[in-house]
Ligand code: 13P
C-alpha cells in the first residue's frame, strides 16, 4: 500500500533560543491547520522537543540523531527509547553533516536497527559529495544504502524513509549548485532498484524515498511532480514558517 507523502523539516542547530523555537513552531502550527493528506515532521534540536510537543498533534516530532544503546555510560548521547518515551516518532540518521564529523555507515547501521527497535521511523540520509564524469556516484549511493541497511529485516525496510541528499546541493555547502528534478528522479529509481535487490520489488515500491538539498517554495513543485519521490526534506526553508507551509501546501495539492 502506498504511504502518505511526507515533508520533513530539519532545523539542524537552529534557532538559538527556546523562545524562537516556540515562535517558529507555533507559527507553523497555525498555518498548517487545514493540511490533511500530507504527513508533516519537524526535527528540532533535542532540547526543544519536550516543549514543542505540547503545541501540535498534527506535526510529528523527529530528532536529528539517536544513539544505538538504550541506556548506560555513554556521555552526551541520547537513545531512541528515550526519544520515543518523550513522544518523538522519527529520527534522522546518517545526515551528511554528521558523516562529515566521523559518522560511518557502520554506526548508521547500528542506529537504524536500534531506532526501529525503539519504535522510531528512521530517516536514512544518503548522498554523494560530488558528481564525477564516470558516474561513480551511483556506487557511492549503492554502498551507503546497502551498508546502512545490512541485517535489517526485510519486513522493516518499508518503515524507513530514505532521503537522497546530494551534498553538493545542500544550502550550506561551499560552491554548491542546484540539483534538478531529473537528478532526483534518476537517483530515486536507482535507490528503489537497490532496495528491491536487497528485499523485494513490493517492499521497494512501498518504501518512501524523498529528496533534500536547498528545496524551497519555488523548486518544491518540480521536485514533487517530476523527481520520482514521495516527499521532501528541507533544511533552511524549514526555518521560515511561511516558506515551509508553502512547501507542505504544494505537496498537499498533488494529484496522487
Ligand atoms: P538545505 O535545505 O538547507 O539545503 O538542507 C538540506 C538538508 O540537509 C536537510 O537535511
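Any read-out appearing in this document is the output of simple, stated calculations on the displayed coordinates, not a laboratory observation. Predicted model, so just to flag it, every value in this text is computed and none were measured. Note that we place each Cβ from the backbone using ideal geometry, even for glycine, and neighbour counts take in every protein chain shown.
Which one of 152, 215, 161, 145 is more than 16 Å from residue 97 (Cα to Cα), in contact (Cβ under 8 Å) with a residue 60 or more places away in the chain and buried (at least 19 other Cβ atoms within 10 Å of the Cβ)?
After ruling out the rest, the residue left standing is 161.
Suppose we filter region 146-172 for residues that are under 14 Å from residue 210 (Cα atoms) and assigned to a helix (DSSP H, G or I); how many remain?
Total satisfying the criteria: 0.
Looking only at region 178-212, filter to residues that are closer than 17 Å to residue 237 by Cβ and surrounded by fewer than 20 Cβ atoms within 10 Å (Cβ to Cβ); which one of those is nearest to the ligand (Cβ to nearest atom)?
178
Give the residues of region 89-119 that are touching a helix residue (DSSP H, G or I) at 6+ places or on another chain (Cβ under 9 Å) and in a loop (DSSP other than H, G, I, E, B), sorted by residue number.
89, 94, 100, 103, 104, 119
Do the conditions hold for residue 167, that is, is it more than 22 Å from residue 5 (Cβ to Cβ) and away from the ligand (no atom under 16 Å from the Cβ)?
Here the answer is no, as residue 167 does not meet what is asked.
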